[in-house]
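I have placed the structure first, in the form of structure tokens, so that the comments after it can refer back to it.
The values are calculated or read from the model by the stated rules, or taken from the named source; none is laboratory data. Predicted model only: the values in this text are computed from it and were never measured. All Cβ positions, even for glycine, are placed from backbone atoms using ideal geometry, and neighbour counts span all protein chains on display.
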Amino acid sequence: NAGVTQTPKFRVLKTGQSMTLLCAQDMNHEYMYWYRQDPGMGLRLIHYSVGEGTTAKGEVPDGYNVSRLKKQNFLLGLESAAPSQTSVYFCASSSGTGRYEQYFGPGTRLTVT
Amino acid sequence: GDSVTQMEGPVTLSEEAFLTINCTYTATGYPSLFWYVQYPGEGLQLLLKATKADDKGSNKGFEATYRKETTSFHLEKGSVQVSDSAVYFCALKNFNKFYFGSGTKLNVKP
């Protein structure tokens, strides 16, 4: 199993450009999550999904959109990138509620100039 | 709302020293608690977990006990190694959502 994969690994954008980050998992997990990690702030939840076709807002959803058209994929979109969105983005998946832990992808480092 | 607070770093120790990283939480209901570890340039990996009060999670010499009375889940290791150098995150899971602490960087010197 590849686990959780993310593409791309690195990206540089100019202010106002758009892009989509792709997360894929091969563990048949129902739940998927997008986080951003900034220095000294730990992980902050952007959006999450509890199943195919569903999405919900997390702690810091503004400026991002997501889609979960297939169970194995969770896309994070930036329609008009801003320098404040410079961060490392992590995708994670989980098999269910309760005691189940999350499995993380390797991250995408995004720089917006 | 739910939250996790963990001690600020960095923590610098000599090899074979005893490690404690403090973690306290605020949550309604009965959350599950986790410790994750992040090595440079990588994603987070689960280190250990505990799903109910008084449970002890353990892995690779690390331990943490779910203390509901003190709302704590402190990470301990009796003898750290250079290879333990990483960032450690305390987290809780409640109602489909995870909440992470800000992370504690551990540096272990030979």
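Residues of the stretch B:86-110 that are among the aromatic types (F, W, Y), assigned to a strand (DSSP E or B) and either out of contact with any Asp or Glu (no Cβ under 8 Å at 6 or more places or on another chain) or at pLDDT 95 or above (or both): B:Y88, B:F89, B:F98, B:F100. Checked against the criterion of being surrounded by fewer than 16 Cβ atoms within 10 Å (Cβ to Cβ), over 20 Å from B:Y39 (Cβ atoms) and either of a type outside the set (D, E, K, R) or modelled with pLDDT of 95 or more (or both), the stretch A:35-46 contains not a single residue that satisfies it.
If the condition is being aliphatic (A, V, I, L, M) and within 10 Å of the chain's Cα centre (by Cα), then the stretch B:61-91 contributes B:A64, B:L75, B:V87, B:A91. If you check A:Y103, A:Y64 for being more than 10 Å from every other protein chain (Cβ to nearest Cβ) and either of a type in the set (A, V, I, L, M) or surrounded by 15 or more Cβ atoms within 10 Å (Cβ to Cβ) (or both), only one passes: A:Y64.
Considering (1) more than 30 Å from B:K52 (Cα to Cα); (2) touching a Lys or Arg at 6+ places or on another chain (Cβ under 9 Å), the lone condition that A:L45 does not fulfil carries the number (1). Evaluated against (1) within 9 Å of chain A (Cβ to nearest Cβ); (2) touching a strand residue (DSSP E or B) at 6+ places or on another chain (Cβ under 9 Å); (3) under 17 Å from A:A92 (Cβ atoms), B:L33 falls short on exactly one condition, (1). Checking each residue in the stretch B:1-48 for being in a loop (DSSP other than H, G, I, E, B), touching a Leu at 6+ places or on another chain (Cβ under 9 Å), surrounded by 13 or more Cβ atoms within 10 Å (Cβ to Cβ) and not polar (S, T, N, Q) picks out B:D2, B:G9, B:A27, B:P31. If you go through the stretch A:67-100 and keep only what is more than 15 Å from A:Q6 (Cα to Cα), surrounded by 15 or more Cβ atoms within 10 Å (Cβ to Cβ) and of a type in the set (A, V, I, L, M, F, W, C), you end up with A:L78, A:A81. Taking strands (runs of 3 or more DSSP E) as the structural unit, no element lying wholly within the stretch A:50-107 holds at least 2 residues that are in contact with a helix residue (DSSP H, G or I) (Cβ under 9 Å, 6 or more places away or on another chain). Within the set B:A50, B:A86, B:A64, the sole residue that is touching a Gly at 6+ places or on another chain (Cβ under 9 Å) and away from chain A (no Cβ under 11 Å) turns out to be B:A64.
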